[in-house]
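Chemist: To start, I am sharing the structure in question, which I have written as structure tokens.
The values are calculated or read from the model by the stated rules, or taken from the named source; none is laboratory data. Remember, predicted model here, so these are calculated numbers, not experimental data. Don't worry about glycine lacking a Cβ; one is built from the backbone with ideal geometry, like all the others, and counts go over all protein chains shown.
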């Protein structure tokens, strides 16, 4: 009976993490819509969502620590609980970065667009999909899907570098462009970090499923 109760508690914790992940994924989407549609009301939704995400992190971490202390799990259950604590931290950071994007977007609304927004939405689409796929991998215990998310990180990095070079050119051509160019560079940087956090989530999913780490492209058996 104790073991059955523990399994139910683990399932409840998994559901809470998935709900938190869904909120984080939605916050990225709304943050980019705030920028592209230039609608501050969408950004206000992101601010509200961040509070929920922060509360999720506190409550899920407390529950995971309680389960570790109370049941002293081993093997996959222990990997799940310790990785859950790491994953919710990554999700909380994604929520923070979404807020950062909104803050920049609201500032940019006060000025004309510096350039058509093409690369940033592409970066956002990839980063958002990485968040979704990392969560899907978690839900389905799919280590192959988790590994595939990690391999997409370079796409976002390359777009970030490309956009940075382009915006530097805008600043050199006209110093009056510097403020808006820097703001767009910041958005790109936030998106790049969201992709990084998605990669970290996927690395933890791979560890839960396989008992191995793929951090820094290194495989090591669990000890």
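Chemist: Being outside any helix (DSSP H, G or I) and touching a residue at least 24 places away in the same chain (Cβ under 8 Å), is that true of even one residue in segment 143-158? Walk me through it before giving the result.
Modeler: If we filter segment 143-158 for residues that are outside any helix (DSSP H, G or I), which is where we start, we get 152.
Cutting the leftovers down to touching a residue at least 24 places away in the same chain (Cβ under 8 Å) gives us 152.
Yes: one or more hits.
Chemist: Residue check, residue 119 against (1) more than 28 Å from residue 206 (Cα to Cα); (2) free of Cβ contacts under 8 Å to residues at least 60 places away in the same chain; (3) under 21 Å from the mean Cα position of the chain (by Cα), all met but one. Which one?
Modeler: Unmet for residue 119, out of (1) more than 28 Å from residue 206 (Cα to Cα); (2) free of Cβ contacts under 8 Å to residues at least 60 places away in the same chain; (3) under 21 Å from the mean Cα position of the chain (by Cα): (2).
Chemist: Within segment 109-118, is even one residue closer than 30 Å to residue 173 by Cβ, assigned to a helix (DSSP H, G or I), out of contact with any strand residue (DSSP E or B) (no Cβ under 6 Å at 6 or more places or on another chain) and modelled with pLDDT under 95? If you could, list the steps in order and put the result at the bottom.
Modeler: In the first step, residues of segment 109-118 are kept if they are closer than 30 Å to residue 173 by Cβ; the result is 109-118.
Checking the rest, the ones that are also assigned to a helix (DSSP H, G or I) come to none.
Within segment 109-118, none of the residues are closer than 30 Å to residue 173 by Cβ, assigned to a helix (DSSP H, G or I), out of contact with any strand residue (DSSP E or B) (no Cβ under 6 Å at 6 or more places or on another chain) and modelled with pLDDT under 95.
Chemist: Would you confirm, using the coordinates I've provided, whether residue 131 is part of a helix (DSSP H, G or I), crowded, with 21+ Cβ neighbours inside 10 Å and in contact with a helix residue (DSSP H, G or I) (Cβ under 6 Å, 6 or more places away or on another chain)? So that I can check it myself, show each step before the final result.
Modeler: Values: part of a helix (DSSP H, G or I): yes; crowded, with 21+ Cβ neighbours inside 10 Å: yes; in contact with a helix residue (DSSP H, G or I) (Cβ under 6 Å, 6 or more places away or on another chain): yes.
Considered against the rule, which asks whether it is part of a helix (DSSP H, G or I), crowded, with 21+ Cβ neighbours inside 10 Å and in contact with a helix residue (DSSP H, G or I) (Cβ under 6 Å, 6 or more places away or on another chain), residue 131 comes out as yes.
Chemist: Shifting gears a bit: Would you tally the residues in segment 24-63 being touching a helix residue (DSSP H, G or I) at 6+ places or on another chain (Cβ under 9 Å) and within 30 Å of residue 115 (Cα to Cα)?
Modeler: Residues in segment 24-63 being touching a helix residue (DSSP H, G or I) at 6+ places or on another chain (Cβ under 9 Å) and within 30 Å of residue 115 (Cα to Cα): 25 in total.
Chemist: How do the pairs read when you match residues in segment 87-116 that are at negative phi with residues anywhere that are surrounded by fewer than 24 Cβ atoms within 10 Å (Cβ to Cβ) and not in a helix (DSSP H, G or I), using Cβ under 6 Å and keeping only pairs 6 or more apart or on different chains?
Modeler: 109/38
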